[in-house]
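Structure first, commentary second.
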Amino acid sequence: MSSMVWNPLCIVTDIWQHRYLLGQLIKRDVLLRYRGAMFGVAWIFLSPLFMLTIFAYVFGQVFQSRWPQQDSTLPFWLLLYAGLIVFNIFAETVSRAPAAVRGYPNFVKKIIFPVHILPVVPLGAALVHGLFNFLILLVALLWVGGLHLQVLLFPLLMLPALLLALGLSWFVAAWGVFIKDMTQIVPMFVQMLMFLSPVFYPVSAVPAALRPFYHLNPLGSVIEATRAVVIGQQVAWGTWCMTLALCLAGAILGHAFFQHSREEFADAL
């Protein structure tokens, strides 16, 4: 296996060289999802808008929930929505990864086709949806009077989660070629991870004895950091940088594993 698969600059350069093909695959993936729907691609905007409206009604009016140990004037439903933006991008990418390669057998059997970009397609599609979620978040913050410049760091702070999702996508996509059960196993894992991550609550609300285990979850660190800029609090940059390094290593390992396994894809399919 070439040493280039371990070089993050080479990985980024290689993906960039195939950016047009990757863009077309992402565009095709997004459009196919809404083909035949009455409102078409408008659902990219309507779906998160409806979700946020339901959150505002259920948690703001019915339950009148407050964020545990809340020291912010922002409503509970908005802080919940901010955490879900990060998690949903991760969840959509990883949940769809088992079929990322298996769903394109004709491409895999073509020698010149860059198979390694296929697991990147779910991440690209998830980012399209995440962009509209973020825009809705900005409008909601403006509506409640909580919009400030610090929230513009939100996309940057998501970088470790994107790297983690990409690394796992390469891992899971490779395993998905050989093990069909991955399409059932991975969504269960993702659903469990949602409740084990600080999406519906902050880490500070977790019992002290369990907090060290929560700090081992890189996704939780990213959610906490992005929520901090939404609230207007200081980001724990030291923790974020450590998480970034860990997730970068995970992405490199996932890429190396995928490249090591790809020679057997054609036979398995």
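Observations, loosely collected:
- Dipole of the range 3-268, positive end: most advanced residue of Val128, Met194, Phe90 [Cβ charges, Cα centre]: Val128
- Straight-line reach from Lys110: taking Cα to Cα under 19 Å and skipping same-chain neighbours fewer than 8 places apart, the aspartates and glutamates in range are Asp14, Glu263, Glu264, Asp267.
- Estimated vicinal HN-Hα couplings, Hz - the range 74-89 in sequence order (Karplus 6.51, -1.76, 1.60; Gly, Pro = x): 5, x, 4, 5, 6, 5, 5, 5, 4, x, 5, 4, 5, 5, 5, 5
- Per-pair calculated FRET efficiency, R0 = 41 Å: Trp143 and Ile185 via Cβ, rounded to 0.05: 0.55
- Across the range 3-268, the fraction of Cα-Cα pairs farther apart than 26 Å, rounded to a whole number, is 44%.
- Charges were assigned to the Cβ only: +1 to each Lys and Arg, -1 to each Asp and Glu. The resulting dipole of the chain about its Cα centre is roughly 440 debye.
FYI, it's all coordinate maths here, none of it is from the lab. Model, not experiment: these values are computed from the prediction. Because the Cβ atoms are built from the backbone with ideal geometry, glycine has one as well, and the counts that use them run over all protein chains shown.
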